[in-house]
1. Net charge around Phe181, counting only other residues with Cβ within less than 13 Å of its Cβ (Lys, Arg = +1; Asp, Glu = -1)?
2. Taking R0 as 41 Å, what FRET efficiency do you get between Thr161 and Asn44 from their Cβ-Cβ distance, rounded to the nearest 0.05?
3. Would you mind counting up the charge near Leu142? Only other residues with Cβ under 11 Å from its Cβ, with Lys and Arg at +1 and Asp and Glu at -1.
4. Find the relative contact order for the range 69-217 and round it to a whole percent, using C-alpha pairs within less than 8 Å whose residues are 6+ positions apart.
5. If each of Val66 and Lys82 carries a label point 7 Å out from its Cα toward its Cβ, how far apart are those two points in nm?
6. Would you order Glu149, Glu92 from fewest to most other beta-carbon atoms within 10 Å of each residue's own beta-carbon?
7. Note down the nm distance, to one decimal, between modelled labels 7 Å out along Cα→Cβ at Leu205 and at Thr140.
8. As a footprinting exposure proxy, order Arg47, Arg56 by other Cβ within 10 Å, with the fewest listed first.
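Each reported figure results from applying straightforward, stated rules to the coordinates on display, with no laboratory input. Because the structure is predicted, anything quoted here is derived from the model rather than measured. When we count neighbours, we look across all protein chains shown, and the Cβ atoms used for this are built from the backbone with ideal geometry, even at glycine.
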Amino acid sequence: MEKKTNKNEITHLKNNSLAKVSSTLALTNKLLQEIENRNTLPSNDFRVSIPDINFRKYLINTFGIVISDNSVAYGDIKHIEKIDCRSVEDEELNKIKSLEGIQHFTALTDLNCWNNQITNLDVSQNTALNKLKCHKNQLTDLDVSQNKELTYLSCAYNQLTNLDVSQNTELTILNCRYNQFTDLNVSQNTALIYLNCRKNQLTNLDVSQNAELTILW
């Protein structure tokens, strides 16, 4: 006698089918996004403006990049994954005032620019960024909403009045001390193990969702 398929088996088969469809759609969307990114990237000959003289000096001395008319070819920078242009000297002449052009370093995963005089930092296109150290600058605003791979963010000693880290769910270390925050929402940062937000103007801080937090200043 042919065995009849019961309701549980039918439900199980349906769930498996839905799971496979969902997985296929996710993979398809990922591939489409990668194709779109490739199509929107500039050509190797595209010129990227680097207006800051000290940033240009860093690129020349570190990577041997050819600078022409204060710009570089995208093909010369597109593979750079790490930039460490922090200033270890106190002389103002050696400090970087602008990192304009950094948004075109599309492979960048690690950016360290602390102890400079940067007033604006656009990392909206650096979607592969994993570590960002921009403390001891003159930033009044910092948008990291597109940097969803960030695990380490240090933006201390700036002039920030707001910091939205709701999209940075991979963050494990956040150092934002010595700013001007009146509010800091870390409810989405459930992977946080270190949070230093002292010397701000916070009147309330909710860390009830941060079960992994081991160090809190």
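1. Neighbour charge sum, excluding Phe181 itself: 0.
2. 0.55
3. Overall, the nearby charge balance is -4.
4. 14 percent
5. Here the modelled spin labels are 2.7 nm apart.
6. Fewest to most other Cβ atoms nearby, the residues stand as Glu92, Glu149.
7. 2.6 nm
8. Ordered by Cβ neighbours within 10 Å, fewest first: Arg47, Arg56.
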